[in-house]
Each structure stands twice: as C-alpha cells, then as structure tokens.
Amino acid sequence: MSAGGIQRDPFNRTTLLILLAIAAIGIAGPFVAADFTKQLTIFWVMVLISYTWDTMGGQMGYNSFGNIVFFGVGMYASAIVQIAPYTDLTAYTAAGGQGSALVLDLGQYFLGLGLGALAAGVSGLLVAVIVGSGILGLRGHYFAIGTLALSIFAAEMVSGWELVGGGSGITMPGYPGTTIASEQEKTLIFYFLCFALAGTAFSLLQWLYSTRFGLAINAIRDDEDKAEAMGIKTARYKTMAWAISGFFLGICGALYGNLLIHVDPRDTAFDGAGLGVWMVLMVVLGGKGTFWGPLIGAVLFHVTKELFWSYLLGLQYIALGILIVVIVVFFPEGIMGWFRAHYPHWFGEKVEPAKEAGEASS
Amino acid sequence: MSVMLEVTSVSKNFGGVVANRDISIRIEQGEIVGLIGPNGSGKTTLFNSIVGYHPVDAGSITFEGREITRLRVPKIARLGLLRTFQQTRIFGKMTCMENMAVSLPNRQEGLMAAFSRLSTAAIDRAEELLEFVGLHSKRHLRGGDLSFGQQKLLEFAMALMNEPRMLLLDEPTAGINPTLINGLIDRLQRANQQLGITLLVIEHNMRVIMNLAERIYCLAHGQLLAEGEPSAIQNDQRVIDAYLGAS
C-alpha cells in the first residue's frame, strides 16, 4: 500500500489472517481443552514476556536480564493494592496470609484486582524509568551484566521487607467462593485476562515498531554512535522502550501473582534464574527482533518445557540445557533469523532491476 | 557571506599525545573547504571535537554564530551540523530505505512525533536521494549487505536526508572505485550548489580535493600548517615537506 514498502505495515493481509486464526484458537482453547487451561494461561504469559523482552533485546539490541524485576514489582504492587484497602496489611502478613482471613465479595475482588493491575503497570513503568536513567548509559555486555544483578538485588530487598511478608512471601486475596465452579470460573477469567493482555501488548508493540520509534530503536541496535550522530535522542528512546516493557510486565506480574495465589520474592516474583532467563531464551530461540520470533519461541519453549517437566522430571534442567545448546549451535540467529538469512526475499529484501518495474509490482 | 563554522584556538590532548594544538579555522556559508594532512595529523580529532564527540581542552567552536563547544553530538546534529565517518557507519540490519527514514531530521521533534509514521513526502525524498547516489534498485536490501563503496554512498545519502546546513565528510572517496569517484565529486558539488550545504571534507586523494575544494587547510603534527587555495597549497613547500618528510 505504501510507496516503497518502507512504511512498515505489520498487519498485511496474510499476517492478519494468521493472527485471526491464532486469536480464534486462543478464544476456543479453554473450551476445547479445559483441562489445560492453566497451561494455556501460562503460555500467554510467556508470549507477553517474550515480546516485551524482544523490545529491548531484539529490536533495540539491549540484552536485559533485569526485565523480571518489573514483573516482580508489579506482583508486589498489586498484592499491596489488593489487600491494604480491605484489611490491615501488617496483621495480614504477620499471620502469614494463611487461613486467609480476607474474604471478599466479587465486586471488592475485581475492584482490587483492577486497581492492583493498574498500580502494577505504573510501578513497573516507573521502576524502568528510574533504573533506566541509571544504567541505560551502559552498552553491550556491560548493560547485560549491569541488569544481571537487578533481580538479585530486588529479591533481597523484598525479602527483608516484613510489611509484605519478607522472604516467606505474601498471599493474594482468594477468589470469592469455595466451590469447584468458582475455581473453574477464576481459571477461565484469568485465562482471558492473560490472553487479552498478551494480545494488547503484541498489537501495541507492532504498531510502535511501524512508527519512527521503531526505526529509532532499530538504529540504536545497529549503531548507537551513528544514531546519535544523526541527531536521534537515543536516551529518550531507550528509556521509553524499557518503560513500555516495564508497564506490560508489571501488569503481567499482577495477573500471574493472582494466578499463583502465593508469591515469594526469590522463587516467583524476582526469579532471575528461572523466568528471567527463560524470557531471553524464548526470544533467542524464535529469532530476535522479528515479528513472529518471540511467539514461535514461546510456543516451542513452553511445550518442550512442559514435556520435560512431565516426562523427564529430575532430568528436566539437563534436557533444557541440551536444548539450549542445540539451538545456539544450529540457529544462532533463532528460527526466524535463520529463515531471514536463507530466504531474504520472503522479508522483502530484493534487488529491483528497474525503478518502474519495482513500483508497478508493489 | 556569513560565517558558518568558526573554530578558535582549539586544543585537544589524549594523555601525552597532542592531537590538536591551537587550531583556528573559519568556514563561510556555502563554501567547500578541504582538510588535508598526513596520517595522524589530527584531522579526525578536529572533526570529533567540532561535532561534540569529545570535549575540547581549550578553545571555542561556534556554528552559525551559536556557541556549540560544550554541546553533545545529537544536539549539534539537530542544529544541522552533521558528520560522516571514516569507517563508514550505516545501520547494517535495516534496509536502505529504513536507513534513509531513520535519518529524517529530528529538529522539532516533540514526544508525539516519535509515534508518527512517515509521510509520503519523506518516502519520496528517500527514494529520490537513493536515486541520486545510484542505489535506488537496492533500496530494499539491508545496508550491511551492500559493498563498502555502496555503503559510503548510502551514508552520504543519509546525511543529505537529514537536511544539514553543513556536512563534515571524513574521507568520502576512500574505498570507492575510481570511476565512481567522479560521480561522487559531482554529487558533492551538486549537494553544495543545489541544496546549499556547506562542506568540510577530509581527503587523502589529492586529485579529488584539488578539484573539489575552494580552499584548503593543511594540518601536520596537530597544528595548522597552511591555508589557501588548492593551487597555492599544492606548491607550498611546508605542505610538501609534511607529506614527503622534510630533511
């Protein structure tokens, strides 16, 4: 539709059809495979963290091991906002949150969840801006190493904060009702919340990549000095990119925390060695900085991980490690990166023999 | 004519190495000025100082009457003073058209402009400029897949896309084959005449710089050695000694 194909139009017809098919599968999923609803929910969480990591690591070339911090911050921000208005937070956490003294009705629950998710998004964004202003000046490996310590730091900080339960963690408010039906209802609602969040983040990010913002962060990835020399406000773009990641990861953390019910700083909220690394793996597996890469990576990773955890329990980390080595050796640029290198014309990279011929065909 | 760029007594040391010592140059609007000197004479350092890549130790730099000595690279670029690199720098994983698009001037950019899409006018201009440097048929290829010479041309087109008032070119013809060089000289002159871009060019190819420049500054050992018209510089004994080694 655009003159030279330079106007990045992520949603052309074929793509749109595939996306609609995925959306249809997403909507039908929990009804067709009701037993797997929780796995499917976690899958959409994986898709979201995969795409938000790709914004930094893939599109902008800033390999961040610290994105998990926004996820954890969101989780805790949401916990506080969901609990504090209804009961005394100190007493609640002192009791370990066990035996759940907090019984809410549906209205209170969803009001708390809504405000909690909002607070989670905003705090994820703010933490990204604040931390970013400090370490986004680092480049390449230095940035990666700088972010590596962030999750450890955050986990230790929260572990020492008794108001939110310290190292033993905090329990999210229970979903109203104790019947099996209400449990199923909760599962279904959280499935669609995670699905909608992943879809929203995906659409917004793809739209952003089609604007000058997308060009600018790609330029930063390819050569930051040159980008500066062309007058691009690199610091501003870098902070914005991280803030957008932080916003969605914060909300994602809020939803995931409610899904888990009990969260603790080291193993769920700021799980730098687990989820914090998995998000990197998924994108590297699928192909950094590509349209489909993070999704493909999330599918492959989630499926293989679930299989390893089900059938190779005890050896699951060894199997996962072997998988990672195989990927890095055979697909160093990820699956989509491999396709791009071998079939560049699929991605619109072609020499045009004459100017007129090129314009007639597009 | 008004003064475009004025460098006054600029000095720059790296540790014990004196890269630039007390250098003053002055470039009028619309001129094409050459900057020559043997390897290690401080030409690129002077470029870096002008565009704000590193702070100078002494002296001042003004651009169109405005003090820019302490400004940083992106800010100076947005004022319309742009440089190209000796080791050509383009965005390797982006297509030529994307390279051009990202080079759009960022002058009056508010927060909202960052989220706008490209105008048709901008796309047309990008195509025109790629045509101008002879890369139109390759516009959908990634920058990194072009040959070195083509990357130089792409970098030049990107610089023009940015609509600078003045362009500092660091060895624009290095690595370009001799037949293309004539075309490049022609394009530099047309950019100067038609688009009114003032040029300051570092060049080792004497044939190129003598044809292109109206005036030439010659550096040696970090100091300004000579200044004058090409013919005068060519016959200046100090310049010849600097290049060939004086006894």
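The values are calculated or read from the model by the stated rules, or taken from the named source; none is laboratory data. Treat the numbers as computed from the prediction; the structure is a model and nothing was measured. Cβ: placed from backbone, ideal geometry, glycine included. Neighbour counts: every protein chain shown.
If the requirement is being in a helix (DSSP H, G or I), within 20 Å of the chain's Cα centre (by Cα) and free of Cβ contacts under 8 Å to residues at least 24 places away in the same chain, which of these qualifies: A:SER182, A:SER203, A:SER151?
Answer to the check: A:SER203.
What single numbered condition from (1) under 21 Å from A:GLY253 (Cβ atoms); (2) surrounded by fewer than 23 Cβ atoms within 10 Å (Cβ to Cβ) fails to hold for A:GLY121?
Condition not satisfied by A:GLY121: (2).
Filter the stretch B:65-79 for residues that are within 9 Å of another protein chain (Cβ to nearest Cβ) and not in a loop (DSSP other than H, G, I, E, B); which is surrounded by the fewest Cβ atoms within 10 Å (Cβ to Cβ)?
B:LYS75
Of (1) on the phi > 0 side of the Ramachandran plot; (2) hydroxyl-bearing (Ser, Thr, Tyr); (3) at pLDDT below 90, B:SER2 satisfies all except one. Which?
Only one criterion is unmet by B:SER2, namely (1).
Can you find a residue in the stretch A:229-241 that is in contact with a Lys or Arg (Cβ under 8 Å, 6 or more places away or on another chain), crowded, with 18+ Cβ neighbours inside 10 Å, part of a helix (DSSP H, G or I) and within 11 Å of chain B (Cβ to nearest Cβ)?
yes
In the stretch B:112-170, what residues are facing chain A (nearest Cβ under 8 Å), part of a loop (DSSP other than H, G, I, E, B) and either modelled with pLDDT of 90 or more or touching a helix residue (DSSP H, G or I) at 6+ places or on another chain (Cβ under 7 Å) (or both)?
B:SER116, B:LEU118, B:ARG139, B:HIS140, B:LEU141, B:ASN162
(1) of a type outside the set (S, T, N, Q); (2) assigned to a helix (DSSP H, G or I); (3) at the interface with another protein chain (Cβ under 7 Å from one of its Cβ atoms); (4) buried (at least 19 other Cβ atoms within 10 Å of the Cβ): which one isn't true of B:MET100, the others all being true?
The single condition B:MET100 does not satisfy is (3).
Being surrounded by fewer than 17 Cβ atoms within 10 Å (Cβ to Cβ) and either at pLDDT 85 or above or of a type outside the set (Ser, Thr, Tyr) (or both) is the requirement here; does A:PHE70 meet it?
Considered against the rule, which asks whether it is surrounded by fewer than 17 Cβ atoms within 10 Å (Cβ to Cβ) and either at pLDDT 85 or above or of a type outside the set (Ser, Thr, Tyr) (or both), A:PHE70 comes out as no.
Of all residues being small (Gly, Ala, Ser) and closer than 28 Å to A:LEU197 by Cα in the stretch A:124-148, which is surrounded by the most Cβ atoms within 10 Å (Cβ to Cβ)? Just the residue, please.
A:GLY124
Does B:ASN205 qualify as being out of contact with any Asp or Glu (no Cβ under 8 Å at 6 or more places or on another chain), within 26 Å of B:GLU227 (Cβ to Cβ), at pLDDT 90 or above and not β-branched (Val, Ile, Thr)?
Criteria not met by B:ASN205.
Out of all the residues in the stretch A:194-202, is one or more crowded, with 20+ Cβ neighbours inside 10 Å, in contact with a helix residue (DSSP H, G or I) (Cβ under 9 Å, 6 or more places away or on another chain) and facing another protein chain (nearest Cβ under 10 Å)?
Checked the stretch A:194-202: no residue is crowded, with 20+ Cβ neighbours inside 10 Å, in contact with a helix residue (DSSP H, G or I) (Cβ under 9 Å, 6 or more places away or on another chain) and facing another protein chain (nearest Cβ under 10 Å).
Which count do you get for residues in the stretch A:209-228 that are part of a helix (DSSP H, G or I), small (Gly, Ala, Ser) and either within 24 Å of A:GLY121 (Cα to Cα) or within 7 Å of another protein chain (Cβ to nearest Cβ) (or both)?
Residues meeting the conditions: 3.
Against the conditions (1) in contact with a helix residue (DSSP H, G or I) (Cβ under 8 Å, 6 or more places away or on another chain); (2) assigned to a helix (DSSP H, G or I), where does A:THR290 fall short? Just the number, please.
Status for A:THR290: all satisfied but (2).
Give me the residue from the stretch B:80-97 that is more than 8 Å from every other protein chain (Cβ to nearest Cβ), in contact with a helix residue (DSSP H, G or I) (Cβ under 8 Å, 6 or more places away or on another chain) and farther than 23 Å from A:HIS345 by Cβ and, out of that set, surrounded by the most Cβ atoms within 10 Å (Cβ to Cβ).
Residue satisfying both the conditions and the ranking: B:LEU81.
Considering only residues of the stretch A:82-108 that are hydroxyl-bearing (Ser, Thr, Tyr) and either out of contact with any helix residue (DSSP H, G or I) (no Cβ under 8 Å at 6 or more places or on another chain) or under 20 Å from A:ALA198 (Cα atoms) (or both), which is modelled with the highest pLDDT?
Taking the candidates together, the pick is A:THR87.
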